[in-house]
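In what follows, a single structure is set out as structure tokens and then discussed.
Just so it is clear, none of the values below were taken in a lab; they were calculated from the coordinates. Just so it is clear, the model here is predicted, and its values are computed rather than measured. So basically every Cβ, Gly included, is an ideal-geometry build from the backbone, and we count neighbours across all protein chains shown.
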Amino acid sequence: MAMAQGALQSCSVAFGVSGGNFAGLASSGARISSVSFRGGAPVLSSPLTTVRRENLRRREGGRGGSVKVQREVAVSSVTIEAALGVEKKGVADSKVNGVPSAKHGAVGEAQVPSMEVDAVTEAELKENGFRSTRRTKLVCTIGPATCAPEQLEALAMGGMNVARLNMCHGTRDWHKQVIRNVRSLNSEKGYSVAIMMDTEGSEIHMGDFNGAPSVKAEDGQEWIFTVRTLESLPERTTTVNYDGFAEDVRVGDELLVDGGMVRFEVIEKIGPDVKCKCTDPGLLLPRANLTMWREGRLVRDLNAMLPTISSKDWIDIDFGIAEGVDFIAVSFVKTSEVIKHLKSYINARAPNDSIGVFAKIESSDSLKNVEDIIRVSDGAMVARGDLGAQIPLEQVPSVQQGIVNLCRELNKPVIVASQLLESMIEYPTPTRAEVADVSEAVRQRADALMLSGESAMGLFPEKALSVLRTVSLRMEEWCRENKQHASDRLPELSSALNDRISESICSSAAQMANRLGADAIFVYTRRGYMASLLSRARPDCPIFAFTDTKSMRQRLNLQWGLIPFRLDFSGDMESNLRRTFALLKARGMMKKGDLIVAVSDISTSDFMQSIQVRRIP
Ligand SMILES: Nc1ncnc2c1ncn2[C@@H]1O[C@H](COP(=O)(O)OP(=O)(O)OP(=O)(O)O)[C@@H](O)[C@H]1O
Ligand SMILES: CC(=O)C(=O)O
Ligand SMILES: [K+]
Ligand SMILES: [Mg+2]
């Protein structure tokens, strides 16, 4: 009797909170086909049509049940299960499959190939529980300060989700070694750090300074900018990579290094050499970006003449495909065409959709076509470094907010990049303004934050990462406590019925999880689509995304709130859930009584999708 009451109670809770969403589902063509109750043995088998109809009528004032249930367009199931009765099975499973994980999960994973999760997340879940996990993902640019295996491991341990390789710097062999180091870290120590390759793109930049990490330009000093190829550079000389530079530049033009960190004025043209005077002193870094300004305006024709993907970039892209990178970020994108072109090139050479293409928004051209560009990309990066050199600085914050919003509307992950903690290249603590900037990006609910120089060549890479981590956690918690995003509204993405069903299921699942105070949402996904839709809904609880390939697991690493697991699963949701519960419990990542909302886009029949609310047995 008590059992039956338990079952009915949880049933009415679920219907109570989700009736409206079911109505939404039904109007998008879904049919609620089965509601099963399990309250210990014997298990009542579904579909319990009568009970279902009556419950729907009761909750929806007689509107929903009878009308919707008769529609045969698609099938969706709702299973509400009382905890009792599953427990015995769970315990039994855990003895078979559950192996206590080793310190970094390495031993455990070697013996249980059936479930893999990031070692850091595993530790975090064990120590602090579901809610404490960080939702904002962290990208670190790898450079001389962080390329050694132990340095990479320190970053992985500190929460790095993605390692970025900037092809502007370093040799291909150097990058290859870093990729190898990251891969062995993943396979040997149980991390799942994804790799993003960032193309050089055709920007105009300075050369190296005979290997020096930086060179100081003093106020009033005269420098030569030359298009000649020089074996060794005379003092106060720099090369420029754009052959037309000496011809195109005019006396009186202003040259901005890295968007204004250092400034020069052109005073004389001498054949291939351009003599300039330093008007704003500072440090010149190897391959620093150069922009030309004439009468207060950016000279854009120069960049416009350069291809987005240069011949060197194509070789780098081939290299990235061969090395199996997870993401390619394209610098200085101007139109959506170049992204489409690259995606078709990749698809002909790599397993379908195994490499995500990210568009870097960092020029005024990219802003003109920003929506088209993002629609065809797998994600975007707000590359504020170069962007701030191409548009007035005061416009950068609102452009950032606009791109973050747009990406969420279009269901594309977005990275906020550059100068988040710039002062930490040299100092062990950030400025208060930097902390505020990081917090703001988290409050905007960007998917990921990125370190550049701070991790590539700064003095305090691990400290910088730790600042990103702690500031993200605090801001996320504050947003939840203060219900900052309760009124967020998202437009529908698709008009195709199947996709609308997935959308409805995911937004309903997120709302249910919020209202029920669920501990986590589970999603079983092959293509990652349902996982991304759940991430887009930005629910209060973390999303455990179970997917069956390593590459999809790494791809999901960049999306807000997702904790990707690799798991072999079947089309049978019930057995997937039982196995998952047993494995997670055995590894101490969840406990009896935790409340889960589970959805799936895998099934044996075409339209079979489901939302389930379960209490962990
Ligand atoms: N692989 C590398 N080897 C050496 N130095 C690197 C490497 N990657 C980054 N750096 C250093 O870190 C700095 C910041 O990195 P970042 O990736 O932001 O480069 P960037 O040159 O500013 O270009 P981008 O606009 O593509 O980000 C670089 O200017 C460079 O000095
Ligand atoms: C990251 C990058 O390319 C930029 O900020 O310019
Ligand atoms: K780059
Ligand atoms: Mg850039």
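Charges on Cβ only, +1 for Lys and Arg, -1 for Asp and Glu, centred on the Cα centroid of the stretch 215-304; of Val299, Pro281, Leu255, which one is farthest towards the dipole's positive end? Going by the charge dipole, the pick is Val299.
Extending 7 Å from Cα along the Cβ direction at Ala436 and again at Asp488 yields two label points whose distance is 2.4 nm. With the largest listed first and rounded to whole Å, the semi-axes of the equivalent ellipsoid of the stretch 215-304 from the Cα gyration tensor are 17, 16, 13. Karplus-based coupling profile of the stretch 470-485, in residue order and whole Hz: 5, 5, 4, 4, 5, 5, 4, 5, 4, 4, 5, 4, 9, 6, 5, 10, with θ = phi - 60° in 6.51 cos²θ - 1.76 cosθ + 1.60 and x standing for Gly or Pro. Residues whose amide H comes within less than 5 Å of that of Arg135, counting only those at least five positions distant or on another chain, are absent (H built at 1.01 Å from N in the peptide plane). In terms of packing, defined here as the mean over residues of other Cβ atoms within 10 angstrom, the peptides 316-323, 345-352 line up highest first as 316-323, 345-352. Once backbone amide H atoms are built at 1.01 Å from N, Met381 has Ala359, Lys360, Ile361, Ile415 as its partners under 5 Å, excluding neighbours fewer than 5 places away on the same chain.
Distance from the C-alpha centroid of the stretch 368-413 to that of the stretch 200-239: 31 Å, rounded to the whole angstrom. If you look at the Cα atoms of the stretch 385-544, you get an Rg and a Dmax of 17.5, 54 Å. In a simple Cβ point-charge model (Lys, Arg +1; Asp, Glu -1; nothing else charged), the stretch 323-438 has a dipole of about 320 debye relative to its Cα centre. Shown for Lys216, Lys277: other C-beta atoms within 10 Å of each C-beta, ranked fewest to most, produce the order Lys216, Lys277.
Amide H to amide H, with H built 1.01 Å from N, Thr239 comes under 5 Å of Gly207, Thr226, counting only residues 5 or more places away or on other chains. Looking at the stretch 466-617, the pairs of alpha carbons with a distance over 26 Å make up 23% of the total. Backbone phi angles across the stretch 150-157, fed through the Karplus curve with coefficients 6.51, -1.76 and 1.60 (θ = phi - 60°), yield HN-Hα couplings of 6, 5, 5, 5, 4, 5, 4, 5 Hz in residue order; Gly and Pro are listed as x. The simple Förster model, with R0 at 25 Å and r as the Cβ-Cβ distance, assigns Ile270 and Ala148 a FRET efficiency of 0.05. Packing here is the average count of other Cβ atoms within 10 Å per residue, and on that basis the peptides 427-438, 448-459, 541-552, 178-189, highest first, run 448-459, 541-552, 178-189, 427-438.
A simple rule links phi to the HN-Hα coupling: the Karplus curve 6.51 cos²θ - 1.76 cosθ + 1.60 with θ = phi - 60°, which for the stretch 544-560 gives 8, 9, 9, 9, 9, 10, 5, 5, 5, 4, 5, 4, 6, 4, 9, 9, 3 Hz, with x for Gly and Pro.
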